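Every read-out reported here was derived from the displayed coordinates using simple, explicitly stated rules and does not represent laboratory data. In this text, all values refer to a predicted model and were calculated from it rather than measured experimentally. Neighbour counts run over all protein chains shown; Cβ positions are idealised from the backbone, glycine included.
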Number of protein chains: 2
Amino acid sequence: MNPPTDEAQPVVADRTLHTVTIVGTGMMGTSVALALRRHGVRTYLLDCDAQAAETAAKMGAGVVGSPSSTADLVVLAVPPRSIAPVLVQQQALRSGRVYTDVGSVKAGPLAAAEALGCDLTSYVGGHPIAGSERSGPRAASGTLFQDKAWVLTSHPGNDTAAVAAVTELIRLCGARPVAMTQSAHDRALARTSHVPHLISSILAGTLDGADQQLLALCGAGITDTTRIAAGDSALWTDILQSNALEVAAALAEVAAGLTTAAHALATGSADLTELLRRGNAGRGALLTARTRLRSRK
Amino acid sequence: MNPPTDEAQPVVADRTLHTVTIVGTGMMGTSVALALRRHGVRTYLLDCDAQAAETAAKMGAGVVGSPSSTADLVVLAVPPRSIAPVLVQQQALRSGRVYTDVGSVKAGPLAAAEALGCDLTSYVGGHPIAGSERSGPRAASGTLFQDKAWVLTSHPGNDTAAVAAVTELIRLCGARPVAMTQSAHDRALARTSHVPHLISSILAGTLDGADQQLLALCGAGITDTTRIAAGDSALWTDILQSNALEVAAALAEVAAGLTTAAHALATGSADLTELLRRGNAGRGALLTARTRLRSRK
C-alpha cells in the first residue's frame, strides 16, 4: 500500500496548527506526531521515559522538548487516569492554546479534570478508533489514522476555536471526526473495544501453561481472536478500570451468553443454534457497517 | 501468493492413492479434492446437495458420482454427527478400501461408528487444522492445508495399510500428520477452536441490533475477534454438541475469568492486571509455537 501523499489528505483551509506538543510518545502519540509531520507541522515530544521520546524523535516524529512559545495544540497521549493530572500540569505551564487527548475513555477523565480545577474551555476530548496490539514508539505509524473514525467529545463549555483546532488535528491525521457525548462514547467503546479486549485476554490466558501439543493445534481462528490480548496490561487495566461501569454492564451481557451456551450444551437445546445465528447476524452487521464506511471515503 | 508447484509438495514414494471419493463437497471436502487433483488423483464427488457437488466439479475438484470400482480411499467431509451414519452407508456399499473423515470432533463419531457396527479396521479418523469462516464449495482452496497440522486419530484396531493410506492423503494435501488419541484431540480442540468459536459468536451477538453509531466505532480489534462468528451455525451447533463435555469444561474456565474480571472491575483489585498479564503470556506462547512450527517447514 502506498502511503497517501499530502495531496490525498483532506484539505484543511486556513491552517491554524503550526506548532503541536505531544505528551506521551508511545504508539498513539508518536503516530499522531508522525501524521502531523507529513504536513510540516512543527511537533515537540515529551515523555517521562526519555528513551521513548528519543526513539520517537529518531523516527522523524519531531523534536524532544517543549517549544519556546505556547503551542497551538497540546495532545495528551497518556493512559486515561493520567489525562487529568497531566492536563493540570500542562495548563499550569500554559504550554498550549488548546488541549486534547486520545484516550479510550472520555467521561472519567473529563470529570477528573473538572475536579482538579482545569480550564475546560480549552480542553476537548478525542479518541481515534485506531490502534495496535503493539506498544511503544516503534509500533507507531504516520498512516495509522487514515480513513479511521476519530471521536470528538466536545462539551458545552468549550471554546469554538478549541473544537476547531482539534477538528483540524483530526483532518490532518487523515481521520474522520465523529461527534459524540462522553457517555455515549464510553457506552459504545465498552462494547466495541473494552470487552472484546478483556474477552480476548481471558481466552489467551487459557493458553498460558498449555503444552506444546495443544499449542501446535492453534489455527487461524484462535490466532485472530487472541491478537489484541498482546496489548499492554498496565494501559488496559487503566482503560478497563476507567470505564468500569460500562465494561461491567457489557461484560454481563457476554456472561449471560456463556450461561445460555453452558445450559444448551448440557441439555442439547436449540438455544445454541440461536446463539450462533445471533453471532452470524452481529458479524454481518459489523461487516455491513465497515463496507458502508469504506464506500463513503 | 503463487500456488506451490507439485515439485514443492512433500514427496510420496510408492503412491497408493489413485482414486479417492469425497463425500460432502462443502468448503473442507472440496479443498481436499482440489489438493488431490493437483497430484493427478482421480477424485469423485458426492453430496446430498447436488448443486454443491456440481459447483465443486466446475471448480475442477473432480467428477460428480461414484467411481466404477472400489476407491482407494473415501473421505467423509460431513458434520461430526453425520460421520457414523455416512460411514455405515458407504461401508455397506463397499465404496472404499479405507475410510477417513475431516471432522472437528473425534471420540463421539468413533463411538457412534462402533455402536452402528461399522468395520473399524478400515476407518481412521482425521482432522486438518485449517478452515475458513466461509462455507460451501466456493470457499474451498487446494492450498488450504499447506504446511498445516492434520491430526490423525488412529486406534489399535486399525489396519496398518489404512493408517498408511490416510497418512498419504495428509502428505498429498501438503499437511503434517500429528498422531493423537481421540480424547486428547477433543480436549485440545475444545480449547483451541470450539470455545474460541463460541466466545467469538457471543461477542458478535452483542452487535446484533446495535445502532449504526456504535457499529461505526468497531475497529480492527473487534473485527478480528469476531471473524469466525460468521461460521455456519448448523455445522457449529453439531461440532459443539458433539464435544459438549470438553467444551463445557473449557467454557467454565473462561466463565471463571469473566467472574474474576467482573469482581476486579467492582473492587479495583489488582486481579485485572494479573488476568491481562496471563493473556499476554498465553498469546506469547501461541506466537512462539507458531514460529517454531514455521521454522520446521
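Quick check on segment B:6-180: take the gyration tensor over C-alpha atoms, sort the square-rooted eigenvalues as a ≥ b ≥ c, and tell me if it's rounded (a/c under 1.5), prolate or oblate. In terms of gyration-tensor shape, rounded. Provide the net charge surrounding A:PRO79, with neighbours chosen by a C-beta distance below 14 Å and charges set as Lys +1, Arg +1, Asp -1, Glu -1. Residues near A:PRO79 contribute -3 overall.
Among A:VAL32, B:VAL124, rank each residue by its count of other Cβ atoms within 10 Å, from fewest to most, as a rough exposure measure.
Values: A:VAL32 28, B:VAL124 25.
Least to most surrounded, the residues fall as B:VAL124, A:VAL32.
Considering only beta bridges that DSSP places wholly inside the protein assembly as shown, some 15 percent are antiparallel. Charged side chains reduced to their Cβ positions (Lys and Arg at +1, Asp and Glu at -1) give the protein assembly as shown a dipole of some 1200 debye around its Cα centre.
Shown in residue order for segment B:227-237 are the 3J(HN,Hα) couplings computed by the Karplus curve 6.51 cos²θ - 1.76 cosθ + 1.60 at θ = phi - 60°: 3, 6, 5, 6, x, 4, 5, 6, 4, 6, 4 Hz (x for Gly and Pro). The residue among B:VAL23, B:TRP150, B:HIS185 whose Cα reaches farthest toward the positive pole of the charge dipole of chain B, with charges on the beta-carbon of Lys, Arg, Asp and Glu, is B:TRP150. Our coupling estimate for segment A:188-201, obtained by passing each phi through the Karplus curve with A = 6.51, B = -1.76, C = 1.60 and θ = phi - 60°, is 5, 5, 4, 7, 8, 9, 5, 5, x, 5, 4, 5, 4, 5 Hz, Gly and Pro reported as x.
Within the shell defined by Cβ-Cβ distances under 14 Å, the residues around B:LEU120 carry a net charge of -3, with Lys and Arg each +1 and Asp and Glu each -1.
Computed about the Cα centre, the dipole magnitude for segment A:59-213 is approximately 160 debye when only Lys and Arg (+1) and Asp and Glu (-1) carry charge, each at its Cβ. Global dimensions of the protein assembly as shown from alpha-carbon coordinates: Rg and Dmax equal 27.3, 88 Å. How big is D for chain B, in µm² s⁻¹ as a whole number, if Stokes-Einstein is applied with the Kirkwood radius of its Cα pairs at 4 °C and 1.567 mPa s? This corresponds to a translational diffusion coefficient of 63 µm²/s. Net charge dipole, segment B:185-296: roughly 740 debye, given to the nearest 20, about the Cα centre with Cβ charges of +1 for Lys and Arg and -1 for Asp and Glu.
Note on chain A: dipole from Cβ charges, positive end direction compared against A:ALA252, A:LEU207, A:VAL12; the farthest Cα belongs to A:VAL12.
What number, rounded to the nearest 500 deg cm²/dmol, is the helix-based mean residue ellipticity at 222 nm of chain A, given -39500 (n - 2.57) per DSSP H run of at least four residues and division by all its residues? All intermediate terms of the calculation are to be shown ahead of the outcome.
Details: 12 runs with 144 residues, N = 297.
Taking each H run of at least 4 residues, the total per residue is -15000 deg cm²/dmol.
Calculated from the alpha-carbon coordinates, segment B:185-296 shows an Rg and a Dmax of 16.2, 47 Å respectively. Highest mobility in the GNM of chain B, judged by mean-square fluctuation with C-alpha springs under 10 Å and restricted to B:ASP211, B:ASP232, B:ASP224, is found for B:ASP211. The Cα center of segment A:109-125 and the Cα center of segment A:223-250 differ in position by 24 Å. Between the C-alpha center of segment B:142-217 and that of segment A:253-297 there is a gap of 20 Å. Using the Cβ-Cβ distance between A:THR181 and B:SER295 with R0 set to 51 Å, the FRET efficiency from 1/(1 + (r/R0)^6) comes to roughly 0.50.
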